[in-house]
Structures are given as C-alpha cells and as structure tokens.
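For reference, the structure is listed below as structure tokens.
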Amino acid sequence: MSGFDNGQWSSGADTKAQEDTGAFGTSELADTLNTNGDAAGAATAAYAHAKEGWVAPEAYKYDDFADSATHEWEGNARVYEFDGDIGDVGPEHPDLELQLFGDSAVRKSEGIDFSNITSLELYQEGPVRVDPIPADFSQAGLHPVMLKNVQLSGYSVPTPIQRYCLPAIRLGYDVVAVAQTGSGKTAAYLIPIINKLMGKAKKLAAPRPNPATYQEGVDPPVRAEPLVCIVVPTRELAVQVFNEARKFCYRTMLRPCVVYGGGPFGEQARQLQRGCDVLVATPGRLKHFMAEPHLLTFHRLRFMVIDEADEMLQEDWKEELDTIMSGGEQEEGNINYMLFSATFPKAARDLAKTHMAETHLQLRVGRAGSSHGNIKQVVIYTDPSMKKQALVDLLNSLPPTRTIIFVNSKRACDELDDLLFNLNFPCVSIHADRTQKEREASLRGFRSGKTPILITTGLNSRGIDVRNVMHVINYDLPSLDHGGIEEYTHRIGRTGRIGHRGLATSFYTDRDEPLASVLTRTLLETKQDIPDFLEQYVPEDKENLKFEADSDFEEEEAADADGGGWGGNGDDAGDDAGTASGGGWGNGEDNAAEPESTDTGGGW
C-alpha cells in the first residue's frame, strides 16, 4: 500500500511506483511528527535503505559553462515547421512527436486525485457570463489536430479554469482569470488561442522562409510579427510556457519562439527572423526587442497574455509592462487581452480597467491565493541551529523522490548545495546570481531526474511545473516582507499539480511568528493537521476563515457592501481610496457572485 490512503500516512513503496501514482509516505516520519514535532534527529534508522535509492551525485562541469559551444540554449529547442503550401495542418513527425510528448506509456498528465481540482468552486463575476464546455476535451469543439495534441499531452478532463476559458476565448472575450497555483492556467489560454488561430494562419500570419530550403546567412531574414504574445515574470517560466506552446503548435501553421534575459540576444534574434507566430517573453528582454523594429513588431498581434500578473505588477516592473501593453505598434481594438494571476491586487485591477474591453469575463477559482487538498502540508518546529541537521534527517527519512528545497537567500542556497553534495545527495541549485547557462543546466538536470534535489530561492516559486515533484521543503519560510503566505502557497504549489498528490514540509522557527496566524488559517482551510505549537493561533470561527492579505480582502468586501464592484457601474473616482466605489469584483447590479452550481450539470 502506498500513498495518503484515507488521509493517513502509510509506509513508502518503491520509487518507480511513486512516480507512476504520485503517492508516497513513510511511517518513520509520521512517528516523529506525532511525538514532539521536532525534525532534528528524525528517522536516522531509515538512513541506510533510503540512501541507497538516490542516484549518484554529479559535479558541476564548469568547463562546459565556460564554453558557449557546448550549451544547448532552451530557446533553440526544436519546433514543428513545414512549408505552408501543403495545407492548413501538417503531416505527423513521429520523432519530433516523441521528443515533444514523450512515450505514450508515461505521458498522462492528470493525477489520480483529479477530483480535488475539478470540484473547486468557480465564480463568474463581472458583466459577461459564458457556459462551460463539457467535462471532456473530446466534446469541447476543438480542431481535430488540437484535440490530438491535447490527448498527446496527457489531458482528457479539463480543469474548471479551462472549462470556462475555452468558450470565453472562442467567443472573443477578454479574460481576467484568478486561479490557485496548479489549476491548469497555462493550458487554459494556450489551447483556445492556438485552436482559434488554426486554419487562419495563412490569412493572418506574416510571411516566413520555407524551413525546408532556408539557409541562414544566404536567404534574407524576416521580421517577427507574432499573433500571440505571452509575458511571464521569470526566465524558467518563459521556457516552460514555450515548451507547452511547442506541444500545442505541433502540426499547425504557427511557429512558437521564446526570448528571455540571460540568453544570447543574437541567437534569439535569429530564431525570430525565421518567423514567429506565438512569442513567449520576459518583460526586460521583450522591451529590448521592441526597441528593434526591424526584428519585432506587434502590428499583427491578436492576443496579449499576461501570466502571473500579480508578480509583474510591482514597481520595478511597471515601466516594462507599460511599454509592452501600449508602447508597440499593436492595434488596440483588434487585440484580446488575457490576465492570469493567483491573486488580484489593486495594480492588476487597474491594468485590467485600462486595457480590457468593458464586456470582459472575470473568473475566480477557489479563494484567490489559496491551495488545494492534494498537498499534504506538514509544519515542523525546528531550532535555527538544528535546521541543517533537520533537513538531512528529513531527506534520509523519506524514500528518494524528486524534491525542491526553498530558502530565502542566495547564500543559504549555496551553503545547502555544498552541504548536501558533500553528503552524496544528488543536488543542484538555482538563484539569481547564477548565469543563465548554469540555471538552464540545473533545471534540465532536475527535470531529467539526474539531479532530483533542487535547492532554490523564491525565483522558482511561481509557475514552474516539473513532472513528479513529490516533495517541497520550506527550509526557510517566507517572511511577510518577502511574499508571506502568498509566496508560501506558490512554493508548495510546485507539488500536487493537476490532480497529483504531494507533500510540503516546512521548518518553523521562532523567527516565523509573524506568519503563524495566517499559516494556521491556511492549514485549516485545506483540512491539514495543526501542530501543537500553532494551536494558539487557531481562530474561534473555523468555518469563516478570513485572509486579510490575500487579494485585498477588505477592499473587496467594501466594494461588495457599496454595491459598485469592479467592472460595474460604480464611480471610478473613488478608486484611489480603495475599491468601495468601483474597485472590487462584480458588475455593480448583481454583486452577489455565487459559485456555478454542479447540481444542474451546467457549471461548477
């Protein structure tokens, strides 16, 4: 038996079974937690058999990092290309199909507890409502080639956010979607956007060289004129979204590209000059390309997607985002804007009000900034001086599995990398001071399983989706000044994705006391066990938990009370004072947004 059966821990099965089912557990760790909640000295008896299960550690190859010729840049990954004269869709390429989607025996993306995702409440708010697609992609009205790509990607049942985004984008609405991490936001915009453009590429897309005959340096390059631009906050997320776009663009007339900081500008320019229809980009590098009109123009742009919008709406991103949203050659009236986020602060509402059509769709899945029940959350009290030993004991107490360890500083990241590597754990690390080559090599090793332990700062807390991440460890809990509970939610969301189960273990010290109250409420919300040292923070009313820091809770309440919810008939003049006069959710006339009912079969 393996997994969180009936909500209980059970002893661990072999690693192969864990990867197949997404479930694991260990009685030794449970015994430790049930005694005193202190990880120090835990489960050392399990050291021998657990240690044998790890792969051999690999040292950094510094000579390779110094030689650019040996590095395979992620932006140069192979994409499907064909001569547009042969039709609206292209023939199958079995070798590329295997590279994009993997072996059919292991490509299923949905976990065994997918019901915890599909049962999430979805709220439609604002001036527009749509009917969801059926709970089966085969009945979603997709182009046959797109349906095949969805199936090759391992998806069969759409998540709530996907069920509503597909019809909304098909009908031409702008979309604001607030959905918790791990709920399928990337596919929610990629599938319907690419599906809508299929069959229209010859009419809408810019001319590009024939890939069968193109010779770089001989044939003249073209200017990139994308139909779709997807803006994301981090380089790793840009590469990930690009890889998803490669899958959904397979056999279509659409060519995806990615540009991001740290990578070679000239190399990325050469990719754009071979034609680009779907562009994924980080803000700084995109702004750089927009300043080179012979390389890139938004004249043909039809879809602008801002992913992880709440992360990019900080002050240090404002200039880049303003330029991207309105500083190019895009024709405002011909563009659909999509805003995807895990929370919805005032800056995101302002952005939506500025650029989105009045008749746009607002979707909210679950509580903004929340997590879901597929993630087993364990909080362990640890003395700061014992944290390193606690981490080693924790890794030794569990069956070896793909693990992400989060820390709050670059120095701690480097120290733990050295510590674990010298103890023969197969680990790599990533933080902002690493070169892009090092970052790509580390993440590639982690994805492949060659180095199944990744140590990182909050740099990789958002959006990164690696298959079979079974365990997330918060070696340092995020402070209130650096993301707080929202950062915590993003971090643990790297496991338990799209129906898979996962474990999140957090080391709690006395320094984390400012986070204790909201952390306790977060545990209660997803029906987790509350450790003894957090019992004092359990609120009297456990049924109506309030999260003041999440998605401007008090502002939304004020907007609802005033009857002038955001997107409705309130007076915008009151926005600077909060959302009481037009800054919250709702349509102004019917603010009491109810979750879509599952009783009638027409929604959630």
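The values are calculated or read from the model by the stated rules, or taken from the named source; none is laboratory data. Just so you know, these numbers come straight off a predicted model, no measurement behind them. Here the Cβ positions follow ideal geometry from the backbone for every residue, glycine too, while neighbour counts run over all protein chains shown.
Annotation: of all residues in region 378-409 being more than 12 Å from residue 503 (Cβ to Cβ) and either among the small types (Gly, Ala, Ser) or outside the structural domain of residue 531 (by TED's automatic domain parsing) (or both), the one that is surrounded by the most Cβ atoms within 10 Å (Cβ to Cβ) is 390.
Restricting 455, 473, 485 to those that are under 28 Å from residue 159 (Cα atoms) and at pLDDT 95 or above reduces the list to 473. Assess whether residue 191 counts as being part of a helix (DSSP H, G or I) and either free of Cβ contacts under 8 Å to residues at least 24 places away in the same chain or closer than 26 Å to residue 151 by Cα (or both). Criteria met by residue 191. Among the residues making up region 216-258, those that are within 20 Å of residue 150 (Cα to Cα) and part of a loop (DSSP other than H, G, I, E, B) are 249, 250, 251, 252, 253, 254, 255. Across region 305-313, a minimum of one residue is classified as part of a loop (DSSP other than H, G, I, E, B), assigned by TED's automatic domain parsing to the domain that holds residue 277, farther than 30 Å from residue 266 by Cβ and free of Cβ contacts under 8 Å to residues at least 40 places away in the same chain.
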